[in-house]
Each structure stands twice: as C-alpha cells, then as structure tokens.
1. Given the DSSP H assignment, sum -39500 (n - 2.57) over each helix run of at least 4 residues in the chain and divide by its residue total; what's the result at 222 nm in deg cm²/dmol, nearest 500?
2. How large is the Kirkwood hydrodynamic radius of the chain, in angstrom, based on all distinct alpha carbon pairs?
3. Return P(r) of the range 174-297 (all Cα-Cα pairs; 5 Å bins starting at 0; whole %; ordered from short to long distances).
4. Relative to the Cα centre, what is the charge dipole magnitude of the chain, using +1 at the beta carbon of each Lys and Arg, -1 at the beta carbon of each Asp and Glu, and rounding to the nearest 20 debye?
5. Which entries in the list 4/52; 52/273; 98/276 go over 29 Å, if you measure between the two C-alpha atoms of each?
6. List 241, 279, 195 from most exposed to least, where exposure is judged by having the fewest other Cβ atoms within 10 Å.
7. Quick one: Kirkwood hydrodynamic radius for the range 71-218, alpha-carbon pairs, angstrom, one decimal?
8. Suppose we keep just the DSSP beta bridges with both residues in the chain; what percent of those would be antiparallel, to 5?
Amino acid sequence: MTIKKVGVLGCGLMGSGIAQVSATAGFDVISLEVDEKFIERGFAGIRKSLAKLAEKGKLNEPVDAILARLKGTTRKEDLADCDIIVEAIIENLAEKRKMFAAIDPIVKPSAIFASNTSSISITETMTATRRADRFVGLHFFNPVPLMNLVEVARTIVTSPEVLETVIAFGKKLGKTPVRTNDMPGFIVNRLLVPYLMDAIRAFEEGVGSVSDIDASMKLGCGYPMGPFTLLDFVGLDTTYYISIVMFDEFKEKRFASPSLLKRMVLAGWHGKKSGKGFYDWSDPAAPAPQDAALRGL
C-alpha cells in the first residue's frame with residue numbers, strides 16, 4: 001500500500017517531531033491533541049525547528065511549504081482517511097489502549113496503526129483494536145528531526161506487507177529503520193538501560209563523580225555524551241518508568257532502578273526539562289554536576 005496521509009496522536013516533544021519530519025518528507029499530516037493550546041505549543045516548536053534547519057540550508061523547500069502540509073485538530077474524526085496513525089502520547093499502556101480503541105472504528109480499515117513507545121508491549125496495545133495484523137511499534141528517538149534511527153517492532157501477527165510498508169515509510173522520512181521483535185526495550189533500550197543503571201550504581205558506590213564517569217565514557221569509549229548527561233536529556237522520569245517495565249518483564253537486576261534514581265524522580269529532579277538532574281541546568285551552556293546534593297538525597 002502507499003502512504004500519503006499521516007496521523008500523529010499527540011503534539012508534545014515526540015509527536016511534534018514526528019509530525020515535522022513527516023511533513024518535511026512530503027506527507028500531509030494531521031496532528032491530534034486534546035486541547036488547542038497543546039497544538040499551538042507543538043506547532044510553535046516545529047516552526048522554530050524548521051527555521052533553524054532552513055538557516056543551515058538543510059531544507060529542500062521553503063518552511064511555509066512544509067507548514068502548509070500540517071494541520072492540527074482536536075477531533076478524532078479528522079483522522080478518518082489517514083493511511084498511517086503514529087501514536088506519541090503518554091507512556092502508559094491503559095492510555096494508549098484507550099486512545100487506539102477510540103479511533104479504531106473511525107479510521108479506515110486499511111490504515112496502519114503504530115506506537116512510538118520505547119518500552120510498552122505492542123502486542124498488549126494492539127489488542128485494543130480490530131487490526132492486529134496492521135499494528136507495529138515505530139520507535140523514534142529524541143530529537144526526532146536530528147536522530148536517524150527508527151526501530152520497527154513487529155508482533156507475531158503483524159502482516160509482512162505492513163512491516164515492509166512501514167520500513168519504506170521510515171526510509172522516506174530520511175531515517176534508518178531497523179527491524180526488531182516485540183520485546184520490552186526493543187534493541188536500543190535493551191542494551192542502553194542496563195548501562196545507565198550501572199552508571200548510577202557506580203556513582204552510588206563511590207566509584208567516581210558525575211563528571212568523571214561522564215568524561216570516562218566519552219573519552220574512553222568514544223561516546224558522544226556520558227551516561228549522566230544522557231539521562232538528563234532523556235528524562236529521569238522516563239528512564240525510571242522504562243526500567244520498571246523492563247524489570248517487570250525480565251526480573252533481572254541489570255534492569256532494576258537504583259534507589260537514587262527513584263528518589264530523584266520523587267523529588268521532581270527529572271533532568272534538563274525540570275532544570276535539575278545529575279546536573280543543574282540553570283545555565284544550559286555550562287551545566288553544573290550535582291554530586292553534593294545527590295549525596296544528600
């Protein structure tokens with residue numbers, strides 16, 4: 001099948017990014033939100049992002065031409081003729097199932113449903129619909145306009161045709177799709193989460209400071225950023241939730257959340273987005289390690 005029109009559920013950080021790259025790739029896009037204010041906020045971010053890309057000469061057409069393919073709505077009925085729906089709402093199974101169940105009878109039967117989840121079972125989510133064979137995981141990475149990878153997760157009932165259609169869609173977005181099975185964490189988080197949890201445990205045990213551990217992994221392993229900088233960018237609350245889902249599935253210590261991470265999340269230290277995490281982000285150009293404060297948590 002050919003994808004021409006894309007529906008995106010949610011216009012937050014991930015949803016707006018998915019909408020942006022879809023419109024940039026030439027697709028008509030409908031972005032669904034619960035309130036107009038969230039659409040306005042998301043679209044403002046898209047305009048800002050596109051303007052920066054235009055300044056760097058990385059767009060093949062004017063910003064206005066891309067924006068003309070974007071439409072925001074609060075009406076689920078506006079999704080009816082979309083060829084693919086990409087969900088990017090809160091990382092909560094019940095809420096995802098509720099959303100997909102609500103739009104399933106509205107959206108045309110031939111449409112593909114995809115969830116941008118990084119940890120929730122695609123199989124559990126798809127059972128809320130009557131199109132299990134047309135349901136996949138489509139995990140983008142933040143920031144969506146800049147990150148090249150997208151994980152395409154199939155269930156045991158995903159149609160081979162649907163899988164290949166979604167792979168082709170990912171390529172049209174300028175991404176590199178990788179195939180994976182529906183297992184918690186897929187490929188990236190299956191390997192990344194234990195690494196991040198071990199970094200936190202190493203700090204708890206006094207192996208090194210926040211900045212020294214970060215510098216060690218950057219300079220010793222060639223990583224673009226250290227584990228604590230990455231945690232602050234991803235969001236400590238997001239990482240904590242993912243670790244819980246993965247530990248519940250595998251019951252292995254390597255996926256278990258260290259006590260410090262839980263306390264930081266409860267204290268509202270969610271990383272860069274909240275201003276504090278393993279670093280104090282009051283000055284984004286020079287984030288300050290929070291070693292002393294973290295020892296007191």
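1. Details: 12 runs with 131 residues, N = 297.
Roughly -13500 deg cm²/dmol at 222 nm, from the helical runs in the chain.
2. On the way: mean 1/r = 0.0497 Å⁻¹.
With all distinct Cα pairs of the chain included, I get 20.1 Å.
3. 2, 11, 21, 23, 20, 13, 7, 3, 1, 0
4. Values: 37 positive and 35 negative charges, 71 e Å.
Using Cβ point charges on Lys, Arg, Asp and Glu, the chain gives about 340 debye.
5. Working: 4/52 26 Å; 52/273 21 Å; 98/276 33 Å.
Violating the 29 Å limit, Cα to Cα: 98/276.
6. Values: 241 19, 279 22, 195 13.
Starting with the residue having the fewest Cβ neighbours, the order is 195, 241, 279.
7. Working: mean 1/r = 0.0595 Å⁻¹.
16.8 Å is the Kirkwood radius here.
8. On the way: 8 of 34 bridges.
Percentage antiparallel, nearest 5: 25.
Rule-based calculations on the coordinates, nothing more; no lab input. Keep in mind that what you see is a predicted model, and the values were worked out from it rather than measured. Methodologically, a virtual Cβ is constructed for each residue, glycine included, from the backbone with ideal geometry; neighbour enumeration extends over all protein chains shown.
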